[in-house]
Each structure stands twice: as structure tokens, then as C-alpha cells.
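Structure record follows, encoded as C-alpha cells.
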Protein chains: 2
Amino acid sequence: MPILPAPVTNLSTALERLPGIGPKTASRLTFFLLRSPDDVSRQLAEALLALKSSTAFCKVCFNITSSSQEVCDVCANPKRANGTICVVEEPLDVIAIESTAAFSGRYHVLHGVLSPIEGIGPEHLRIRELLERLRTEPVTEIILATNPSMEGDATALFLKQQLAPLGIRMTRLARGLPAGGDLEYADQSTLLRALAGRQDM
Amino acid sequence: MPILPAPVTNLSTALERLPGIGPKTASRLTFFLLRSPDDVSRQLAEALLALKSSTAFCKVCFNITSSSQEVCDVCANPKRANGTICVVEEPLDVIAIESTAAFSGRYHVLHGVLSPIEGIGPEHLRIRELLERLRTEPVTEIILATNPSMEGDATALFLKQQLAPLGIRMTRLARGLPAGGDLEYADQSTLLRALAGRQDM
């Protein structure tokens, strides 16, 4: 005999589909919502429904944008068309780079990285769209800003090979010791990169 | 200039209100939902909306029940009216005890524990309702099954004092070493309880 009514188990099951949420966390969240005022779960539900219906991908760079506009704020700004495109994995990377206020070009969001183990090939990323874009947009530099991970490096290398025939300058973000880091605790690979990339001062 | 459209930040904010979910986890979940098919967020939203509208608390024991029934399955079952009431903190505790199939009485869910630090007094728990219930229901034993924590013990003690005038037998779950536990790793307090409660064999 089931002790819990269906709505409770349904919500637990739905929450368990989210990454990093197991059965214990799901039921803890469910019971938290049961105890809290109606507002909390209603606002969450409304935000969930609005997420897909009122967001879209920018037709140019595939960053997230409001569904009322075809093109994101960055792509719509003519000042940002300075011939530099920064290729990133995810929309969150755009936010990270924008927060530095040090980049004044445009972006291109791949929506993932190449990962043969997970069956993610070039056709699953926005690579074709990038190539098409380079045909029409005057570009002088492409910054391959995928993550400094194995998959990110592999994706950058793949893009470099694909884009080489176009003869555009391609760069990768500098690798080395992070600000505030400690030499003693730096891993071997980071230290190797930091040594290899040492600069005159 | 905000880079993310409002629906994205709205969902992040709503998720951050849940316990154990910080800003980083909230945006990770939001971007996961953005990438996944519409179904995932729609089903989650529907489950959230159904949670409050189709669940209710049992009028007798305050366990969670479907809103179509006034009284939960346990309270509705005349075989469970055997004169024993098990007082627990949360509905999840009912499930835990039911899973042992060793208890055949009824429950009473307090919906919390006394916690002066968090400002939770007796008036915030279902204690008044328990007292009312004992006036009409023939009860011979009350098992005070609050958690073996400081707050749980304090709540059990408070209930014992409140219910003492009724002259009903009151018990508390046994304390000692957990099954599969290791004496070497048992904490002092558990070991003290295990020694004090040792039984003839």
C-alpha cells in the first residue's frame, strides 16, 4: 500500500531528473515545498514554464536571448562588430567573459564540446553555423575560448583544423597560474604550462 | 547591461530559495533545463502545481494524504486503531516506520520539533491537536518517536510532561548501536546509551 499520495512521488521523480539531485535530496526538497507557503512552489512552477516559452537562442551567436528579440544584445550592438569572435562552450561562459569587461567583440556559443564517449560529435555543436557565419561576417581573429579541459582542448584543436583554410588568426586563452594561486599547490600540468608560457618582465 | 534574459534569472532566483541550493547550483540547474527538452521543465512545473492542490493533511494524524480524502489510509483503516499512537516529527518518518512493517498502530505527525533558537515553540507543532485526539481516542501507549537529536529529545521530554496527567504509558525508541555499526567508530554518546541499555541474552 503506497503511503505517499501520487503528487508527492511525482514531484520527487521529476526533481530526480535534474543533475546532482538524488532520491534523498529530491524527497527533502519535496517535503520542504510541502511545508512552505503556496507561493514558493507556484513561483518556481511559473519560472519553469516561462523559461522555455520566453527565451530563445540568438540567431547569430546562439547565446540565450529573450524570445521577443531575434538577435541578442551583443550581436545587435554595432560597436561589438570589431572583427573578433570569441568561441565558447556555454552561455555561462559568455557571462564570465562579459564580467571582465575586457572583450569588445562578439561571441559564438557552441552549446557543448566534442565528446566521443558521450557520443557528441561536431554535428551536435553549432560548428556549421560558425562556418556559415565566417562566410558573411568580416572576421580578423577567432578566440577559441573553450575550457582548459581535455574535451575543451580537443574541440579547440578540431575547430583550428576546420577553420585553417580560411586563413583567419586563431588564438587560445592563456594558460598558467590562476590569480591568488599558490605555486606549491599548483598541479604539474598547470605548472608546466606556466613555465612554457613565461613572459619577459 | 544585463546579459541574461529575465526568465533565466527568475528561475535561478526561484531555485535558490530551496534548501541546499546556492547560486552556482541554481544556475547549473537553470542551464540544464534550458538545454533539455521542453518536457522536463513542463513536467516539473506541473508536479509543483499539483503538489499543493492535490495533497492535504490528514484531519486525524496530520500525515500527508491525497486531497480527495479527509483522512489518510492509516487512520481510515479500523485495524490500525489498536490503542497505540506513534508521534513523529515529519511525514518522512511515517514512511520509514511503515517500511519496517513492525508497527500496527496509528501515527501523529508534529511537523517539526521544538527549537527555541529558530523560534519554534509548542504552538507551532501539532501538539494541541494531539491532546484533543487523546481526549476522544482510546489510547494505551504513546511512542514518542522524535529523532534521537537534541531537539528531538527535548520535544519528547516536553510531550512527556504535557501528557503525564493523562496516565498513558509513554515509550521512546531504543537507543544503541545501529545494525552493521562498528563499536570502534561509535561516538561516545551512542556507546554510553548502548551500555546503559544493555539487555540479557
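The values are calculated or read from the model by the stated rules, or taken from the named source; none is laboratory data. For clarity, every value in this text was computed on a predicted model and none was experimentally measured. No Cβ is skipped: glycine too gets one built from the backbone with ideal geometry, and neighbour counts run over all protein chains shown. The accessibility values were calculated without ligands, DNA or RNA, using every heavy atom of the protein model including side chains. Shrake-Rupley method; radii C 1.70, N 1.55, O 1.52, S 1.80 Å.
Spin-label model, B:Ala174/A:Ala154: points 7 Å from Cα along the beta carbon direction are separated by 5.5 nm. Residue of chain B with the smallest Cβ distance to the axis mapping B onto A, distance rounded to whole Å: B:Ala45, 2. Based on the convex hull around the alpha carbon atoms, region A:29-88 presents an average projected area of 6.0 nm². Taking the charge dipole of the protein assembly as shown about its Cα centre, with +1 at Lys and Arg Cβ atoms and -1 at Asp and Glu Cβ atoms, the residue from A:Cys61, A:Ala76, B:Asn63 reaching farthest to the positive side is A:Ala76. Distances between copies at A:Ala81, taken between label points 7 Å from Cα along the C-beta direction, are 8.0 nm in increasing order. Farthest towards the positive end of the charge dipole of chain A, among the residues A:Val139, A:His111, A:Thr171, is the Cα of A:Val139, using unit charges on the Cβ of Lys, Arg, Asp and Glu.
Shielding by partners for peptide B:11-20, expressed as the average number of C-beta atoms from other protein chains within 10 Å of each residue's C-beta, is 6. The residues of chain B expose on average 57 square angstrom of accessible surface per residue, using a 1.4 Å probe on protein heavy atoms.
In this assembly, the B-A interface accounts for approximately 4800 Å² of buried accessible surface in total, computed with a 1.4 Å probe and without ligands, DNA or RNA.
By the Stokes-Einstein formula, at 0.890 mPa s and 25 °C, the protein assembly as shown with its Kirkwood radius over alpha-carbon pairs has D equal to 94 µm²/s. Among the protein heavy atoms, those of A:Phe31 account for about 10 Å² of accessible surface (1.4 Å probe, every chain in place). Taken over the protein assembly as shown, lysine pairs spaced eight or more positions apart, or on distinct chains, with alpha carbons under 25 Å apart number 8.
Ranked by the mean number of other Cβ atoms within 10 Å of their residues, highest first, the peptides A:144-155, B:179-190, B:134-145 come out as A:144-155, B:134-145, B:179-190.
Evaluated with a Cβ-only charge set (Lys, Arg +1; Asp, Glu -1), the protein assembly as shown carries a dipole of roughly 380 debye about its Cα centre, given to the nearest 20. Approximating the spin labels as points 7 Å out from Cα along Cα→Cβ, the A:Asp187-to-B:Gln162 distance works out to 5.4 nm. Distance between the C-alpha centres of region A:29-43 and region B:68-91: 24 Å, rounded to the whole angstrom. Across all Cα atoms of region B:79-169, the radius of gyration (one decimal) and Dmax (whole number) stand at 12.8, 40 Å. Residue by residue along B:81-94, Cβ atoms of other protein chains within 10 Å of the local Cβ number 1 on average. When a 1.4 Å probe is rolled over the protein heavy atoms, the share of accessible surface on the protein assembly as shown that falls to carbon and sulfur comes to 56 percent.
Shielding by partners for peptide B:52-63, expressed as the average number of C-beta atoms from other protein chains within 10 Å of each residue's C-beta, is 3. Using the Cβ of B:Pro23 as centre and a radius below 14 Å, the other residues enclosed give a net charge of +2, where K and R count +1 and D and E count -1. The Cα atoms of chain B cover 69, 48, 33 Å along the three principal axes, with the biggest extent listed first.
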